[in-house]
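Heads up, the thing below is written out as structure tokens.
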Amino acid sequence: MDTALVIIPTYNEIENIEKIIRAVFALEQAFDILVVDDNSPDGTAQKVKELQGEFSQLHLTVRTKKEGLGLAYIHGFEWALAKDYTIIVEMDADFSHDPKDLPRLYNSIKNGADVAVGSRYVNGIAVVNWDMTRLMLSYFASKYVHLITRIPIKDTTAGFVAYKREVLEKIALRKIKFVGYAFQIEMKFKAWKLGFNVVEVPVIFTDRTAGESKMHGGIIAEGVFGVIQMKLISLFSKNK
Ligand SMILES: Nc1nc2c(ncn2[C@@H]2O[C@H](COP(=O)(O)OP(=O)(O)OP(=O)(O)O)[C@@H](O)[C@H]2O)c(=O)[nH]1
Ligand SMILES: [Mg+2]
């Protein structure tokens, strides 16, 4: 039997957290949830604690301070590996990723994928409510990553991804360098380099309607330079 975990990193998601948890547990298919909260001042973790009374499959880690998405996920992955989860999914709290797509990611893994990427760019661009600047930034970022790394994935910065346990066991999680969008690129790049089967599942991505974005310039810069750095390191390291 496969047991699946959805990891939701949160920072100030009080407006979304209860809704997203309920949406996952309303699915026919069983997913456990781990919320990794970076001590949000708005009480996100407190809300999760309350809901734990209602849902035994709801887990929570509260970290001491805001350290970025990458480290929150690495914590979540290590937490999942210490248990016996066989499929581990990452998903945002802000409904940009539709929880109803979780079964499709899960099934993609059941059908042979090692990594199933919820992808916006399989057929054109499937993004709702982004302004042109943001759209162009994301789309060309993906093109740029492809050009540099040659990774055969259209949506390399996607953050809605299901991993088979074995992939996370094999990637040296402690050596992951990046914290922002580059974290998502790096995880896919490493999985692909290790020979895992990375499959894109088309999804529609919707811009958040509640809560605050944590996007900032530093994260973009990390992506631009990080990709080149990642490629160079992979060229010069024996074990890729
Ligand atoms: N634990 C933790 N979670 C974070 C951190 N930064 C962002 N998140 C969460 O990661 C998910 C994605 O962050 P968003 O702010 O939506 O970033 P984004 O999707 O790039 O930006 P928007 O399009 O504006 O929503 C959300 O669930 C956030 O709450 C962080 O430093 N720590
Ligand atoms: Mg978002």
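Rundown of residues vs (1) part of a loop (DSSP other than H, G, I, E, B); (2) under 20 Å from residue 87 (Cα atoms); (3) at pLDDT below 90, yes/no style:
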position: 124; (1), (2), (3): yes, no, yes
position: 139; (1), (2), (3): no, no, yes
position: 146; (1), (2), (3): no, no, yes
position: 155; (1), (2), (3): yes, no, no
position: 159; (1), (2), (3): yes, yes, no
position: 168; (1), (2), (3): no, yes, no
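Can you give me the number of residues within region 191-206 that are farther than 23 Å from residue 79 by Cα, more than 16 Å from ligand 1 (Cβ to nearest atom) and in a loop (DSSP other than H, G, I, E, B)?
The total comes to 2.
Among the residues in region 162-179, are any within 14 Å of ligand 2 (Cβ to nearest atom) and either within 16 Å of the chain's Cα centre (by Cα) or closer than 30 Å to residue 3 by Cα (or both)? Let's see the steps before the verdict.
First, pick out the residues of region 162-179 that are within 14 Å of ligand 2 (Cβ to nearest atom): none.
There is no residue in region 162-179 that is within 14 Å of ligand 2 (Cβ to nearest atom) and either within 16 Å of the chain's Cα centre (by Cα) or closer than 30 Å to residue 3 by Cα (or both).
Can you tell me which residues in region 28-58 are among the acidic types (Asp, Glu) and either crowded, with 16+ Cβ neighbours inside 10 Å or part of a strand (DSSP E or B) (or both)?
So the first thing to find is which residues in region 28-58 are among the acidic types (Asp, Glu), and the list is 28, 32, 37-38, 42, 50, 54.
Those that are among the acidic types (Asp, Glu) and either crowded, with 16+ Cβ neighbours inside 10 Å or part of a strand (DSSP E or B) (or both): 32, 37, 38, 42.
When you go through (1) within 16 Å of ligand 2 (Cβ to nearest atom); (2) surrounded by fewer than 17 Cβ atoms within 10 Å (Cβ to Cβ) one by one for residue 136, which number turns out not to apply?
So the condition that residue 136 fails would be (1).
Working only within region 1-19, note down all residues that are under 16 Å from residue 71 (Cα atoms) and hydroxyl-bearing (Ser, Thr, Tyr).
10, 11 - these are the residues of region 1-19 that are under 16 Å from residue 71 (Cα atoms) and hydroxyl-bearing (Ser, Thr, Tyr).
Taking region 171-190 as the region of interest, how many residues are of a type in the set (A, V, I, L, M) and either in a helix (DSSP H, G or I) or crowded, with 24+ Cβ neighbours inside 10 Å (or both)? Spell out the reasoning first.
Within region 171-190, the subset of a type in the set (A, V, I, L, M) is 171-173, 176, 179, 182, 185, 187.
Okay, now just the ones that are also either in a helix (DSSP H, G or I) or crowded, with 24+ Cβ neighbours inside 10 Å (or both), so 173, 182, 185, 187.
Selection size over region 171-190: 4.
Checking residue 159 against (1) in contact with a helix residue (DSSP H, G or I) (Cβ under 6 Å, 6 or more places away or on another chain); (2) more than 20 Å from residue 101 (Cβ to Cβ), which single condition isn't satisfied?
(2)
Out of 56, 96, I need the residue that is more than 20 Å from residue 171 (Cα to Cα), away from ligand 1 (no atom under 14 Å from the Cβ) and of a type in the set (Gly, Ala, Ser). Which one? Even if it seems obvious, please write down each step before you answer.
Details: 96 fails: away from ligand 1 (no atom under 14 Å from the Cβ).
Every option except 56 fails the conditions.
Can you tell me which residue is farthest from residue 91 (Cα to Cα) among those in region 204-240 that are of a type in the set (Lys, Arg) and modelled with pLDDT under 75?
Here the answer is 238.
Can you tell me which residue is farthest from ligand 2 (Cβ to nearest atom) among those in region 59-105 that are among the small types (Gly, Ala, Ser) and outside any helix (DSSP H, G or I)? Write out each step before concluding.
Our first condition is that a residue be among the small types (Gly, Ala, Ser); within region 59-105, this holds for 68, 70, 72, 76, 80, 82, 93, 96.
Next, only the ones that are outside any helix (DSSP H, G or I) stay: 68, 93, 96.
Values: 68: 14, 93: 8, 96: 4 Å.
It comes out as 68.
From the set of residues in region 1-27 that are part of a strand (DSSP E or B) and within 16 Å of ligand 2 (Cβ to nearest atom), which is farthest from residue 165 (Cα to Cα)?
10
Right, residue 142: farther than 28 Å from residue 44 by Cβ, more than 15 Å from the chain's Cα centre (by Cα) and without any contact (Cβ under 8 Å) to a residue 40 or more places away in the chain or not?
It is true that residue 142 is farther than 28 Å from residue 44 by Cβ, more than 15 Å from the chain's Cα centre (by Cα) and without any contact (Cβ under 8 Å) to a residue 40 or more places away in the chain.
Can you tell me which residue within region 99-122, out of those that are within 16 Å of ligand 1 (Cβ to nearest atom) and in contact with a strand residue (DSSP E or B) (Cβ under 7 Å, 6 or more places away or on another chain), is modelled with the lowest pLDDT?
Looking at residues that are within 16 Å of ligand 1 (Cβ to nearest atom) and in contact with a strand residue (DSSP E or B) (Cβ under 7 Å, 6 or more places away or on another chain), I get 120.
The values are calculated or read from the model by the stated rules, or taken from the named source; none is laboratory data. Computed from a prediction, not measured in an experiment: that's the story for all the values here. All Cβ positions, even for glycine, are placed from backbone atoms using ideal geometry, and neighbour counts span all protein chains on display.
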